[in-house]
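Read the structure below first, then the notes.
The values are calculated or read from the model by the stated rules, or taken from the named source; none is laboratory data. None of the values given here were measured: they were computed from a predicted structure. Heads up, the Cβs are rebuilt from the backbone with ideal geometry, glycines too, and the neighbour counts pull from every protein chain shown.
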Amino acid sequence: TQAVATEKLYDKPIMASFHGLWSLAGFAGAAIGTLMIGYGIDPAVHFSIILVLVLIGIAVSYRHLQDDAGSVQSGPVFVLPDNSLIKLGAVAFCSMICEGAMFDWSVIYFKKVIHAENAWVAAGYTAFMSTMAGGRFVADWFSGRFGLKRTLQLSGSLTAIGLITAVVFPVMLPAIIGFMLVGAGVSSVVPLVYSAAGRSGTMVPGVAIAAVSTIGFVGFLIGPPVIGFVAGAFSLRASFMLIAVMGICVVIVSSRAKI
């Protein structure tokens, strides 16, 4: 909700940039952890340093937080989202199925299907994460220039094309390119959908975002086990092709949503 409130002050799309910084923080955390391990620093010392840095960050940024007008309201504790928010949630659901699948199965795909050497089994995951982080820093500009609906349609298309490429051409270079396309595709969906939910006006921004994110995270949770089930019954390539359908669903649902 802070990002939504700040976005209103800027009066232009900036939500995806917040998510881009989250991605960069993840890379930074991994890099710092690697350095700490390399220098043999005790995990307790490592986490204590991070805790101090986080507390300093909170103390410095707290005074700059924006008030979320209307964040407190009387009424029932549980409120069903309206049709527009359900459609936004459905877009997030389809995209986060793909995202969850990539997080949990990309390394296994490169090992079992691409038959990559041990040094390269994480190449697909790295390619996916890199373009997902980078895509979030251009998604705001793209949605401001071409509109939210077209951006989501392009995102779903890239996701589907990337997964299909990795399935149809199960060799190293095409698979890496395919995973890069998937990262670019999923990068903008969640931040832009959250932004649209916060601006919907049908609910308080925090409640609207919570409703949409709840629907979306169901997809994130069920995606990996669905892949495992389909892979066990058929093959891992078949399961990734099934996930590609979710990218097509992003295109279809976003085309019909009033956004």
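Does the range 212-234 include one or more residues that are surrounded by fewer than 24 Cβ atoms within 10 Å (Cβ to Cβ), under 16 Å from the mean Cα position of the chain (by Cα), assigned to a helix (DSSP H, G or I) and free of Cβ contacts under 8 Å to residues at least 24 places away in the same chain?
Within the range 212-234, not a single residue is surrounded by fewer than 24 Cβ atoms within 10 Å (Cβ to Cβ), under 16 Å from the mean Cα position of the chain (by Cα), assigned to a helix (DSSP H, G or I) and free of Cβ contacts under 8 Å to residues at least 24 places away in the same chain.
Working only within the range 154-201, note down all residues that are touching a Lys or Arg at 6+ places or on another chain (Cβ under 7 Å) and either surrounded by 23 or more Cβ atoms within 10 Å (Cβ to Cβ) or part of a helix (DSSP H, G or I) (or both). Outline the logic, then answer.
At the first step, the residues of the range 154-201 found to be touching a Lys or Arg at 6+ places or on another chain (Cβ under 7 Å) are 167, 170, 187-188, 191.
Correct list: Val167, Ser187, Ser188, Pro191.
If you scan the range 125-136, which residues turn out to be surrounded by 17 or more Cβ atoms within 10 Å (Cβ to Cβ) and of a type outside the set (A, V, I, L, M)?
Of the range 125-136, the ones surrounded by 17 or more Cβ atoms within 10 Å (Cβ to Cβ) are 125, 127-129, 131-136.
Listed by number, the residues that qualify are Tyr125, Phe128, Thr131, Gly134, Gly135, Arg136.
If Ala101 satisfies every condition in (1) buried (at least 22 other Cβ atoms within 10 Å of the Cβ); (2) of a type in the set (A, V, I, L, M, F, W, C); (3) within 14 Å of Ile176 (Cβ to Cβ) but one, which is the exception?
It is condition (3) that Ala101 fails.
Please find, within the range 102-141, the residue that is nearest to Ser239 (Cα to Cα) out of those that are in contact (Cβ under 8 Å) with a residue 60 or more places away in the chain and of a type in the set (Lys, Arg).
Here the residue is Lys112.
Mind listing just one residue for me: the one in the range 1-32 that is exposed (fewer than 14 other Cβ atoms within 10 Å of the Cβ) and more than 27 Å from Arg199 (Cβ to Cβ) and, of those, modelled with the lowest pLDDT?
If we take residues in the range 1-32 being exposed (fewer than 14 other Cβ atoms within 10 Å of the Cβ) and more than 27 Å from Arg199 (Cβ to Cβ), then Ala30 is modelled with the lowest pLDDT.
Might you check whether a residue that is under 15 Å from the mean Cα position of the chain (by Cα), over 22 Å from Leu88 (Cβ atoms) and modelled with pLDDT of 95 or more occurs anywhere in the range 135-153?
No, every residue in the range 135-153 fails to be under 15 Å from the mean Cα position of the chain (by Cα), over 22 Å from Leu88 (Cβ atoms) and modelled with pLDDT of 95 or more.
State yes or no: is Ala116 modelled with pLDDT of 90 or more, more than 24 Å from Met246 (Cβ to Cβ) and assigned to a loop (DSSP other than H, G, I, E, B)?
Working: modelled with pLDDT of 90 or more: yes; more than 24 Å from Met246 (Cβ to Cβ): yes; assigned to a loop (DSSP other than H, G, I, E, B): yes.
Judged against the criteria, Ala116 is a match.
Among what's in the range 235-259 and is closer than 16 Å to Ala160 by Cβ and hydroxyl-bearing (Ser, Thr, Tyr), pick the residue that is surrounded by the fewest Cβ atoms within 10 Å (Cβ to Cβ).
Filtering the range 235-259 for residues closer than 16 Å to Ala160 by Cβ gives 237-255.
Checking the rest, the ones that are also hydroxyl-bearing (Ser, Thr, Tyr) come to 239, 254-255.
On the way: Ser239: 23, Ser254: 28, Ser255: 13.
Taking the candidates together, the pick is Ser255.
Mind listing just one residue for me: the one in the range 62-90 that is surrounded by 16 or more Cβ atoms within 10 Å (Cβ to Cβ) and in contact with a Gly (Cβ under 8 Å, 6 or more places away or on another chain) and, of those, modelled with the lowest pLDDT?
The qualifying residue modelled with the lowest pLDDT is Asp68.
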